[in-house]
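Asks: Right, I'll just put the structure down here and ask away after.
The values are calculated or read from the model by the stated rules, or taken from the named source; none is laboratory data. In this text, all values refer to a predicted model and were calculated from it rather than measured experimentally. So basically every Cβ, Gly included, is an ideal-geometry build from the backbone, and we count neighbours across all protein chains shown. The protein model used for the area step is the full one, side chains on, heavy atoms only, and it has no ligands, DNA or RNA in it. Shrake-Rupley method; radii C 1.70, N 1.55, O 1.52, S 1.80 Å.
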Amino acid sequence: MSNIELNIITVRIKKFNRKASGFYVVVVAVLLLEIILVAQLYYTRRMMEDELERHAESELTMKAILVKSMLNVTQNILSDHQGDLRRHIHQPDTMFRVVRSLVDANPYLNGGWVAFAPGFYPQKGRLFEPYAMRVGDEIKVVQLANAEHDYTKNKFYEETALKKDFYWTQPYLDSDGTGAKVITCNLPFYDLRDSLQGIMGVDLSLGWLADTLNVRHLYPSSFLMLFTEDGEVISSPPSKHDKYGDADEVAALFSDSTVTRVSSNSGRSEVMEFKSIATGDQAYVYYAVMRGEPRWRIAVVCYDDEVYSKLYKLGYNLLFLNLLAVAIMAFILIRFMRNLRRLSQARLEQELVNNELSVAQKIQNAILPKALSGLENADVAGSITPAKQVGGDLYDFFVRNEKLFFCIGDVSGKGIPSALIMSVTESLFRQAAERESNPAHIMADLNRAICRNNQTNMFVTMLIGVLDLPTGHLRYCNAGHDLPLLLTDTVTTLSADANLPLGVFESTKYEMQETHVAPGTAIFLYTDGLTEAINVVRCQLGLDRVKSAIAASSHKTMEEMLRYMLNAVHEFVGEAEQSDDLTMLAIRYIGGNEASLLFKEDITLPNDVKHVPQLTEFVESVAQKSGCDTATAMQVKLAVEEAVVNCMNYAYPAGHVGNVDVSAGADGKHLVFVITDSGVAFDPTEASRADTSLSAIDRPIGGLGILLVRELMDSVNYERTDGKNVLTLKKILKQ
């Protein structure tokens with residue numbers, strides 16, 4: 001064989017080896033791909049089992065909440081109508097109207113009744129049971145009790161009387177009433193001596209309950225059932241939802257103690273397996289016990305063929321179309337991850353809902369004002385006792401420019417919506433009061449802000465006050481709130497105009513009122529939760545009792561007074577549930593420090609700047625007597641001269657002669673100057689600050705003098721009193 005032939009054979013062998021190795025690679029790749037796909041199929045099934053469990057438990061939770069809500073509504077119906085019953089309990093014929101209104105107002109109730117204690121109405125015989133039943137679109141009212149129907153021998157009557165609370169019966173056929181299968185909620189009622197007067201009850205339609213539970217399921221053939229704690233069926237699905245007729249099989253599983261029950265991975269539910277009677281397919285029953293009373297069990301049924309139908313179809317396609325299978329699996333995984341994220345988000349939202357009340361309470365407590373430290377001429381204290389975990393009442397107070405700004409308010413409604421409006425209102429009050437001293441203007445700003453986009457139509461009653469601490473001059477504005485009380489030697493009511501509450505009309509005009517508060521006077525503000533506090537016999541605390549309690553605590557501090565008032569309310573209310581938020585704000589005006597001055601001097605100057613040298617001598621003399629250092633004396637002189645010259649130049653109209661009175665004194669801690677004129681009203685503390693960053697050409701005229709006074713003095717307070725401008729300047733003396 002020649003070398004050429006050997007070379008040809010060698011080349012062919014190499015080509016064959018290359019093809020064979022490529023084939024092997026393809027086979028191995030296909031096998032690996034098949035293994036991967038099978039593994040993906042296997043693990044996807046496992047993930048879908050977990051997903052099924054989460055979906056099932058989620059549906060159980062939602063439907064349990066629905067059932068519990070319905071039961072709570074039914075119980076609330078009984079509680080609400082017992083008030084109507086008690087108001088007319090001495091009119092036996094009126095009881096027929098009471099039970100009619102009970103059924104008429106609630107379309108899912110089959111009947112309602114009141115079973116009075118034997119002999120309660122002698123004129124009606126030993127037994128008296130007004131009963132209203134729904135017959136078609138009409139409500140029929142009868143007296144159900146007779147010799148054959150002695151309700152006192154029924155189990156529900158005995159159990160309810162013993163329990164003294166809501167009692168739910170087992171399901172039963174209402175042969176004496178509508179003839180439908182129902183469950184009954186019973187609630188006893190007693191007289192003031194705690195003697196049983198009778199039992200009030202309503203019949204809940206199990207058919208309506210079954211329809212309500214079986215709306216929107218995990219899968220088309222899924223259905224829900226409700227069982228008692230003993231395993232008796234409360235609610236079975238209608239035939240249109242029980243596609244395979246397995247409801248009886250599921251009921252038998254609950255009655256069979258030998259059936260294997262497995263806890264879910266989360267531990268929130270139990271799982272039982274069975275085969276469908278009609279199809280022989282595998283099915284699962286997820287069930288859990290509802291929280292609280294009654295301890296019913298709720299179950300959802302899911303069929304294997306529906307749960308994994310998409311997975312089976314996907315597996316067949318993957319065997320022949322590997323590339324397509326990869327795409328489909330990727331799509332499934334993407335969808336799965338998306339659903340997983342949605343489920344996680346839903347769980348997070350549920351946790352937020354569960355925690356929102358406690359979070360809202362912390363936020364509300366955080367925004368309430370803290371005690372004012374170092375306040376010498378006023379004692380202030382406030383308290384809020386919400387009816388629920390959070391409330392819609394508010395109060396606030398703070399000191400600015402020797403003025404005590406305070407407010408109290410009551411948002412319509414209760415709970416979180418009112419708490420949100422409360423926090424917004426309090427924030428708006430702070431913002432407005434930081435730049436405005438007129439309470440009517442502050443109220444108008446709040447009203448405009450609250451009216452804007454007020455889609456909920458909620459409103460706020462509010463009272464805002466501004467107390468000038470050096471003088472006791474009080475300016476206030478009321479927006480439909482309860483009138484404050486003034487405590488001196490007696491307790492009187494502060495007169496206030498009844499303006500509209502905030503949030504009603506944006507164009508509402510608010511009027512300011514003024515009065516003088518004498519030293520030692522206490523101002524007591526409150527919400528209607530105080531005067532309308534109700535005891536067990538539905539009697540209100542009332543304004544007279546409030547006044548008496550305030551008078552009894554007149555010698556106490558404001559903090560002690562509020563504690564005393566709360567104790568008085570608790571003693572009056574007793575075991576009755578709080579019906580409204582209770583908020584109180586107490587302010588005792590102690591008075592200015594004029595009596596503690598070591599000395600006081602006065603000077604009166606005409607409104608002519610040529611008299612400034614007299615002012616300079618006066619200020620230097622006062623500074624020397626107060627014992628302040630040279631630097632402090634220079635700062636005081638510049639500030640006082642600037643303020644007085646400003647009054648001389650601008651307080652009175654051109655050509656008008658007027659006076660500027662200057663009073664000065666010291667108490668060992670502060671050097672105080674009070675500048676008074678009878679000119680036009682002007683509040684320098686409200687004037688805008690000059691922008692010193694601008695050049696002299698660009699900067700508007702004015703503002704620098706006021707800026708100088710603010711910077712040199714430690715406190716600048718303005719008050720318009722009796723037609724006069726009163727400007728008080730204070731400087732802390734260095735010890």
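Asks: Scan the stretch 381-389 and give yes if some residue there is at pLDDT 70 or above, in a loop (DSSP other than H, G, I, E, B) and open to solvent by 40 Å² or more (accessible area, probe 1.4 Å), otherwise no.
Replies: Scanning the stretch 381-389 turns up at least one residue that is at pLDDT 70 or above, in a loop (DSSP other than H, G, I, E, B) and open to solvent by 40 Å² or more (accessible area, probe 1.4 Å).
Asks: Also, quick follow-up: Whether any residue in the stretch 430-452 is under 30 Å from THR728 (Cα atoms), of a type in the set (Lys, Arg), open to solvent by 20 Å² or more (accessible area, probe 1.4 Å) and in a loop (DSSP other than H, G, I, E, B) is what I want to check.
Replies: yes
Asks: Still on this structure, I have one more. Test THR527 against the stated conditions and say whether it is touching a residue at least 60 places away in the same chain (Cβ under 8 Å) and not hydrophobic (A, V, I, L, M, F, W, C).
Replies: It is true that THR527 is touching a residue at least 60 places away in the same chain (Cβ under 8 Å) and not hydrophobic (A, V, I, L, M, F, W, C).
Asks: Pull up the stretch 639-651, narrow it to residues that are open to solvent by less than 40 Å² (accessible area, probe 1.4 Å) and modelled with pLDDT under 85, then point me to the one that is farthest from PHE599 (Cα to Cα).
Replies: Filtering first and then ranking leaves ALA651.
Asks: Can you name every residue in the stretch 105-126 that is free of Cβ contacts under 8 Å to residues at least 60 places away in the same chain and either closer than 19 Å to LEU187 by Cβ or polar (S, T, N, Q) (or both)?
Replies: Matches in the stretch 105-126: ALA105, PRO118, GLN123.
Asks: State whether one or more residues within the stretch 400-407 are touching a residue at least 40 places away in the same chain (Cβ under 8 Å), closer than 25 Å to THR521 by Cα, in a loop (DSSP other than H, G, I, E, B) and among the acidic types (Asp, Glu).
Replies: For the stretch 400-407, residues touching a residue at least 40 places away in the same chain (Cβ under 8 Å), closer than 25 Å to THR521 by Cα, in a loop (DSSP other than H, G, I, E, B) and among the acidic types (Asp, Glu): present.
Asks: Filter the stretch 173-194 down to the residues that are open to solvent by 50 Å² or more (accessible area, probe 1.4 Å) and either β-branched (Val, Ile, Thr) or not in a strand (DSSP E or B) (or both), then identify the one that is farthest from HIS90 (Cα to Cα).
Replies: My answer is SER175.
Asks: Here is a follow-up. Quick one: would you say ASN365 is open to solvent by 40 Å² or more (accessible area, probe 1.4 Å), at pLDDT below 80 and not charged (D, E, K, R)?
Replies: Taking the combined requirement at face value, the residue satisfies it.
Asks: Another question, then. Of all residues in the stretch 529-548, which are in a helix (DSSP H, G or I) and farther than 19 Å from LYS414 by Cβ?
Replies: Correct list: GLY542, LEU543, ASP544, ARG545, VAL546, LYS547, SER548.
Asks: Identify, from the list VAL285, VAL307, the residue that is at pLDDT 85 or above and of a type in the set (A, V, I, L, M).
Replies: Only one candidate qualifies: VAL285.
Asks: Can you tell me which residue in the stretch 221-233 is most open to solvent (accessible area, probe 1.4 Å), limited to those that are over 15 Å from SER276 (Cα atoms) and more than 36 Å from the chain's Cα centre (by Cα)?
Replies: My answer is ASP230.
Asks: A further question follows. Taking the stretch 608-623 as the region of interest, how many residues are open to solvent by 80 Å² or more (accessible area, probe 1.4 Å) and of a type in the set (S, T, N, Q)?
Replies: Counting residues in the stretch 608-623 that are open to solvent by 80 Å² or more (accessible area, probe 1.4 Å) and of a type in the set (S, T, N, Q) gives 1.
Asks: Considering only the stretch 298-314, state which residues are open to solvent by 40 Å² or more (accessible area, probe 1.4 Å) and touching a helix residue (DSSP H, G or I) at 6+ places or on another chain (Cβ under 9 Å).
Replies: Those that are open to solvent by 40 Å² or more (accessible area, probe 1.4 Å) and touching a helix residue (DSSP H, G or I) at 6+ places or on another chain (Cβ under 9 Å): ASP305, LYS310, TYR312.
Asks: Let me ask another. Six or more apart or on different chains, Cβ atoms under 6 Å: show the pairs whose first residue is in the stretch 704-722 and in contact (Cβ under 8 Å) with a residue 12 or more places away in the chain and whose second is assigned to a loop (DSSP other than H, G, I, E, B) and surrounded by 17 or more Cβ atoms within 10 Å (Cβ to Cβ).
Replies: Sorted first by the residue in the stretch 704-722, then by its partner, the pairs are LEU704/ALA690; LEU707/ALA690; SER715/GLU402; ASN717/ASN401; ASN717/GLU402; GLU719/THR471.
Asks: I would also like to ask the following. Is it the case that LEU605 is free of Cβ contacts under 8 Å to residues at least 60 places away in the same chain and either open to solvent by less than 30 Å² (accessible area, probe 1.4 Å) or outside any helix (DSSP H, G or I) (or both)?
Replies: It is true that LEU605 is free of Cβ contacts under 8 Å to residues at least 60 places away in the same chain and either open to solvent by less than 30 Å² (accessible area, probe 1.4 Å) or outside any helix (DSSP H, G or I) (or both).
Asks: Hey, among the residues in the stretch 98-120 that are out of contact with any helix residue (DSSP H, G or I) (no Cβ under 9 Å at 6 or more places or on another chain) and in a helix (DSSP H, G or I), which one's least open to solvent (accessible area, probe 1.4 Å)?
Replies: Ranking the qualifying residues of the stretch 98-120, first place goes to VAL103.
Asks: Let me confirm something: among GLN123, GLN170, GLN91, which residue is open to solvent by 70 Å² or more (accessible area, probe 1.4 Å), at negative phi and either of a type in the set (A, V, I, L, M, F, W, C) or not in a loop (DSSP other than H, G, I, E, B) (or both)?
Replies: Step by step, each of GLN123, GLN170, GLN91 is checked, and only GLN123 is open to solvent by 70 Å² or more (accessible area, probe 1.4 Å), at negative phi and either of a type in the set (A, V, I, L, M, F, W, C) or not in a loop (DSSP other than H, G, I, E, B) (or both).
Asks: Could you check the stretch 533-547 and list, in sequence order, the residues that are more than 9 Å from PHE572 (Cα to Cα), crowded, with 16+ Cβ neighbours inside 10 Å and among the β-branched types (Val, Ile, Thr)?
Replies: The answer is VAL546, and nothing else.
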